[in-house]
Amino acid sequence: MSKNKLLYEEYLEKDNVAILGQLESSEIGLTNLEAQNRLLIHGHNVLKAHKISWVVILFRQFKSPFIYLLVGAALLAFFLQELIDGFMILGFILINSLLGFFQEFRSEQALKMLNKITTASAKVLRDNQEILIPVDQLVPGDIIKLHPGDIVPADVRLLECNNLQVNESILTGESEPSIKSAEPLNSKTAPIHKASNIVFSSTNVTSGQGTGVVFATGVKTYIGSIAKLTIETHPESNFEKGMSKFSTFVLKLVGFTLSLVIIINLLLKGGTTNIGELIIFSIALATAVIPEALPLVITFSLSRGAIKLAKHKVVVKRLSAIEDLGSIQVLCADKTGTITENKLEVSEIFGDKDNVITHANIAISQKSAHKDPFDIAFEIALKNQNQTIKSWTISHEIPFDPDRKRNSVLAQYENKNILIVRGAAESILHNLKNSADEKLTDWILNQEKSGKRVIIIAHRFLPNSDEYTKSKEEKDLILTGAISLIDPLKESAPEAIMKAQQLGVAFKIITGDSPVVAGSIGFQVGLVKAPTDVITAEKFFGLSLTEQKQAAASFNIFARFSPHEKFQLINILKEEFEVGYLGEGINDAPALKSANVALVVEGASDIARESADIILLNKSLSVIVDGIQEGREVFANTTKYVKMTLASNFGNFYAVAIVSLLIDYLPMLPIQILLVNLLSDFPLIAIATDSVDLEDIKNPESYNIRDFAIIATLIGLVSTLFDFIYFAIFYKISPAVLQTNWFIGSILTELLLMYSLRTKFVFFKSKAPSLTIFIMTIIAATITLVIPFTTFGQNIFKFAPPTRNHLLIIIGIALLYFVSTEITKNLYYKFRKNAQEIRE
């Protein structure tokens, strides 16, 4: 893989003199004047925040091809003085946009509440004096002092350090602190986890002290390059792609059919055609076909999903992300903080547990103000075993040394001097009085294979007269025992991953951690058959592009991936799949921004939260699976509406259009067509509240225009046939009778069609419809049957009151229509299922 040289790599090999010379600085720091001049050149040490105003959120609601289509239809209706039609369409657009705006604006406000505002300072040398300055005033060339507890404010090349350890998990994903050194490296390049003489902005010092020179601030820092990558990435969501395809399909279909209707009318009727009336009639037909309530149905569905998720403490920043979540085929995550707890915990103990844990706690440094993750883990284990070290006293200590890889203390207990040594196996085992037995070495090997870090505890008794020196650590030690530590899995992780797989979602871990640790975690949660089924970034990007695509699909564990490499991997996966990414660290931000759906957990970095579509305030991964299911339910209900409205509307569209060629009056008045549209859409909007069959949420789906077209055509033909039946029965009586009875029949058949197409099964085998749908159906049917008998209906809509026999005929035909749609629907889905089985 070709790789651009990163800024920090310029400072890896050089010694202190060369680095200070390059940055035009010195060991006594910059003068205030120099610092002010550099501040003008380099700017403040800040990452520019990406603020979203309410105006942006409002206009975002109108960024949909379907909205453009509806606005065009409304303007055309106004131009032709069809005011009811125009206002009805604009009403749908307004309600939809306000609902979407309210939900997303509220989410943005909730997100702002999560961001903690802090004012940080840094200790620097200016004019040879040590002073505190705001971190945004730091400039390249500043000499900075680092102490335990400090958050590193810029990218710094170390000039000197003493036992300095830095937690870089926010960048690398490793829970274990990185040991730092001021020594030049022997390589011109190094990944961030091996850049031992560099400390990066936003990491934090866990122990020791250091002095360094700032070489990058603001957007030029390593974290700044990550932030820049997130800003430059603007992926199109699956929802947007689906809506774009669908609106284009409807627009082309309507345009073609209307043009055909007008041309044929002109050819058949010639000079007798009323051009104005024909255009108004055509516009009314077009409005009847366009599913103008679709944005409203989608927004209702998404809002209900957002409310449900909010009850599980999930903040939805982008409303359409709920539906996108349901479509993902691959869910990726950085293990740290999402699958694991991002804290070390004692896993197993070799030797006498009480003795080993007691000695491990006595060896905790008394000089450091901040305990490292190992110390915290040992203290918790001591408390859990109800042990105490109050009767011990510490007289001397030798702090941890990166070269020796151990530390030691001289403690007094029951009038005895005990030297306790704690460190890595390779630094202690060869100093034992008696060589380590095979049982211990096998135990260590097995623990390390499981991705655990092993700490050896040893001791020796010293006479009171003996001087305490490093040499005492290096001979005649007695093994106390050994402790293995692990970053534990979150309790919800294995179950959540298994549920995701049951929903047809592949789960992948992409981490900056080592392949041993990542493989062990993957094995524990059931993602791989063996802990060695891991691919590293180095190996992955050494493959050809075709092999990379194959590896991206086949491997589930990716280790030693930098933020930029995660970003590239997500882009490769996106070529074949809809991808969701779950993370929390700064190192996740580019991948989050690139993914189709970005999810972060509470406590995530500001940049990660900025890139997210969905924020989990509850760190349980099971809420993600709930979200996937919720997204699929939203998608299922949306596609129900699309199929219903296309099938019924196109059926009526074709019938009315064809019949208009056969008689010398309009089979249905434009205002009657609009009323049909309004009353049939009224209960259809409630489809957002409908229950969903389990079959519809088993696998990720996407907007299948072909499926929409086929089902709309098949059911549309059935609808057209029954419309012709209505026409054949009533057209000879009078125009008003045909128009009224066809109006009633059209609405009743559309209402019944809703109960057929809401499921792929026979209607009585599906889940019961929601109470809201049932109530709104009753209301719509009642209005349909009553309005022809009212003065309002007769004067405004030109209806003629139907006779009792006519009503019975209309209802009887509608019931036969329902049976026919059920047969057609079930034959189609049976055929499609058989075709899929043959392909597989």
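When segment 516-544 is filtered for residues that are open to solvent by less than 50 Å² (accessible area, probe 1.4 Å), under 22 Å from Leu592 (Cα atoms) and outside any loop (DSSP other than H, G, I, E, B), the ones remaining, listed by number, are Ala518, Ile521, Gly522, Ile535, Thr536, Ala537, Phe540.
Of everything in segment 341-395 that is hydrophobic (A, V, I, L, M, F, W, C) and in a loop (DSSP other than H, G, I, E, B), the residue that is most open to solvent (accessible area, probe 1.4 Å) is Ala369. Kindly provide the set of residues from segment 7-32 that are part of a helix (DSSP H, G or I) and either under 30 Å from His564 (Cα atoms) or without any contact (Cβ under 8 Å) to a residue 12 or more places away in the chain (or both), ordered by number. Passing the criteria: Leu7, Tyr8, Glu9, Glu10, Tyr11, Asn16, Val17, Ala18, Ile19, Leu20, Gly21, Gln22.
Looking at Ile783, is it at pLDDT 90 or above, open to solvent by 10 Å² or more (accessible area, probe 1.4 Å) and not small (Gly, Ala, Ser)?
Values: at pLDDT 90 or above: yes; open to solvent by 10 Å² or more (accessible area, probe 1.4 Å): yes; not small (Gly, Ala, Ser): yes.
Yes.
Here Tyr581 meets the list (1) under 29 Å from Ser544 (Cα atoms); (2) modelled with pLDDT of 75 or more; (3) part of a helix (DSSP H, G or I) almost entirely, failing just condition (3).
Only one of the numbered conditions (1) open to solvent by 60 Å² or more (accessible area, probe 1.4 Å); (2) closer than 18 Å to Leu331 by Cβ; (3) within 21 Å of the chain's Cα centre (by Cα) is not met by Ile510, and that is (1).
Per this entry, Ala190 is counted among residues that are among the aliphatic types (A, V, I, L, M) and out of contact with any strand residue (DSSP E or B) (no Cβ under 7 Å at 6 or more places or on another chain). Does segment 54-61 contain at least one residue that is within 42 Å of the chain's Cα centre (by Cα), modelled with pLDDT under 75, over 30 Å from Ile198 (Cβ atoms) and not in a helix (DSSP H, G or I)? Yes: one or more hits.
Tyr726: at pLDDT below 90, surrounded by fewer than 24 Cβ atoms within 10 Å (Cβ to Cβ) and farther than 14 Å from Lys643 by Cβ, yes or no?
Here the answer is no, as Tyr726 does not meet what is asked.
Considering segment 231-242, and only residues there that are open to solvent by 10 Å² or more (accessible area, probe 1.4 Å) and either in contact with a Lys or Arg (Cβ under 7 Å, 6 or more places away or on another chain) or in a helix (DSSP H, G or I) (or both), the residue that is modelled with the highest pLDDT turns out to be Lys241.
Within segment 467-486, can one find any residue that is within 14 Å of Leu331 (Cβ to Cβ) and open to solvent by less than 10 Å² (accessible area, probe 1.4 Å)? Looking through segment 467-486, none of the residues is within 14 Å of Leu331 (Cβ to Cβ) and open to solvent by less than 10 Å² (accessible area, probe 1.4 Å).
When segment 200-221 is limited to residues that are part of a loop (DSSP other than H, G, I, E, B) and either at pLDDT below 90 or under 17 Å from Ser169 (Cβ atoms) (or both), the one that is most open to solvent (accessible area, probe 1.4 Å) turns out to be Ser202.
Yes or no, residue by residue, for (1) within 50 Å of the chain's Cα centre (by Cα); (2) in contact (Cβ under 8 Å) with a residue 24 or more places away in the chain; (3) part of a helix (DSSP H, G or I):
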position	(1), (2), (3)
Thr777	yes, yes, yes
Ala781	yes, yes, yes
Gly793	no, no, yes
Ala800	no, yes, no
Thr821	yes, yes, yes
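Only a single item in (1) more than 20 Å from Phe350 (Cα to Cα); (2) assigned to a helix (DSSP H, G or I); (3) of a type outside the set (Ser, Thr, Tyr) is not met by Leu445, and it is number (1). Residues in segment 396-433 that are among the polar types (S, T, N, Q), open to solvent by 20 Å² or more (accessible area, probe 1.4 Å) and over 18 Å from Asn355 (Cβ atoms): Asn415 alone. Among the residues of segment 558-578, the one identified as assigned to a helix (DSSP H, G or I), open to solvent by 10 Å² or more (accessible area, probe 1.4 Å) and either under 13 Å from Ile509 (Cβ atoms) or of a type in the set (Phe, Trp, Tyr) (or both) is Phe567.
Condition test on Phe105, is it in contact with a helix residue (DSSP H, G or I) (Cβ under 7 Å, 6 or more places away or on another chain), at pLDDT below 75, in a helix (DSSP H, G or I) and open to solvent by less than 50 Å² (accessible area, probe 1.4 Å)? Break it down into steps so the answer makes sense when it comes.
Values: in contact with a helix residue (DSSP H, G or I) (Cβ under 7 Å, 6 or more places away or on another chain): yes; at pLDDT below 75: yes; in a helix (DSSP H, G or I): yes; open to solvent by less than 50 Å² (accessible area, probe 1.4 Å): no.
So Phe105 fails the test.
Every residue, every condition in (1) over 25 Å from Val505 (Cβ atoms); (2) part of a loop (DSSP other than H, G, I, E, B); (3) within 25 Å of the chain's Cα centre (by Cα); (4) modelled with pLDDT of 80 or more, yes or no:
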residue: Ile671; (1), (2), (3), (4): yes, no, no, no
residue: Leu675; (1), (2), (3), (4): yes, no, no, no
residue: Leu679; (1), (2), (3), (4): yes, no, no, yes
residue: Ile685; (1), (2), (3), (4): yes, no, no, no
residue: Val692; (1), (2), (3), (4): no, yes, yes, yes
residue: Ser702; (1), (2), (3), (4): no, yes, yes, no
residue: Arg706; (1), (2), (3), (4): no, no, no, no
residue: Ile710; (1), (2), (3), (4): yes, no, no, yes
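Determine if segment 157-167 includes at least one residue that is out of contact with any Ser or Thr (no Cβ under 8 Å at 6 or more places or on another chain), assigned to a strand (DSSP E or B) and crowded, with 24+ Cβ neighbours inside 10 Å. Before the answer, list the steps.
First, pick out the residues of segment 157-167 that are out of contact with any Ser or Thr (no Cβ under 8 Å at 6 or more places or on another chain): 157, 162.
Filter again for assigned to a strand (DSSP E or B), leaving 157, 162.
Next, only the ones that are crowded, with 24+ Cβ neighbours inside 10 Å stay: 157.
Checking segment 157-167: at least one residue is out of contact with any Ser or Thr (no Cβ under 8 Å at 6 or more places or on another chain), assigned to a strand (DSSP E or B) and crowded, with 24+ Cβ neighbours inside 10 Å.
Within segment 662-682, the presence of at least one residue that is under 24 Å from Ala814 (Cα atoms), free of Cβ contacts under 8 Å to residues at least 12 places away in the same chain and open to solvent by 20 Å² or more (accessible area, probe 1.4 Å) is confirmed. Going residue by residue through segment 393-409, is there one that turns out to be closer than 27 Å to Pro531 by Cβ and of a type outside the set (Phe, Trp, Tyr)? For segment 393-409, residues closer than 27 Å to Pro531 by Cβ and of a type outside the set (Phe, Trp, Tyr): present. Of the residues that make up segment 646-653, is at least one part of a loop (DSSP other than H, G, I, E, B) and within 26 Å of Arg632 (Cα to Cα)? No, every residue in segment 646-653 fails to be part of a loop (DSSP other than H, G, I, E, B) and within 26 Å of Arg632 (Cα to Cα). Number of residues in segment 738-776 that are of a type in the set (Asp, Glu) and open to solvent by 20 Å² or more (accessible area, probe 1.4 Å): the value is 0.
Among residues belonging to segment 304-340 that are among the charged types (D, E, K, R) and outside any helix (DSSP H, G or I), point out the one that is surrounded by the fewest Cβ atoms within 10 Å (Cβ to Cβ). Before you say what the answer is, go through the steps one by one.
Residues of segment 304-340 among the charged types (D, E, K, R): 304, 308, 311, 313, 317-318, 323-324, 334-335.
The next check asks that each one be outside any helix (DSSP H, G or I); those that pass are 313, 317-318, 334-335.
Values: Lys313: 14, Lys317: 22, Arg318: 22, Asp334: 31, Lys335: 27.
Across segment 304-340, the extreme among qualifying residues is Lys313.
Beta carbons closer than 6 Å, at least 6 apart along the sequence or on distinct chains, pair a first residue in segment 324-335 that is in contact (Cβ under 8 Å) with a residue 60 or more places away in the chain with a second that is of a type in the set (Asp, Glu) for Ser327/Glu578; Ile328/Glu578; Gln329/Glu578; Asp334/Asp588. Would it be correct to say that Ser320 is out of contact with any strand residue (DSSP E or B) (no Cβ under 9 Å at 6 or more places or on another chain) and touching a residue at least 24 places away in the same chain (Cβ under 8 Å)? Criteria met by Ser320. Being assigned to a loop (DSSP other than H, G, I, E, B), of a type outside the set (Phe, Trp, Tyr) and more than 34 Å from the chain's Cα centre (by Cα) is a property that does not hold for Lys760.
The values are calculated or read from the model by the stated rules, or taken from the named source; none is laboratory data. Small disclaimer: the values here were computed from a predicted structure and weren't measured. Counting neighbours? That spans all protein chains shown, and the Cβs are built from the backbone with ideal geometry, glycine included. When the accessible area is computed, the model is the full protein with side chains, heavy atoms only, and any ligands, DNA or RNA have been set aside. Shrake-Rupley method; radii C 1.70, N 1.55, O 1.52, S 1.80 Å.
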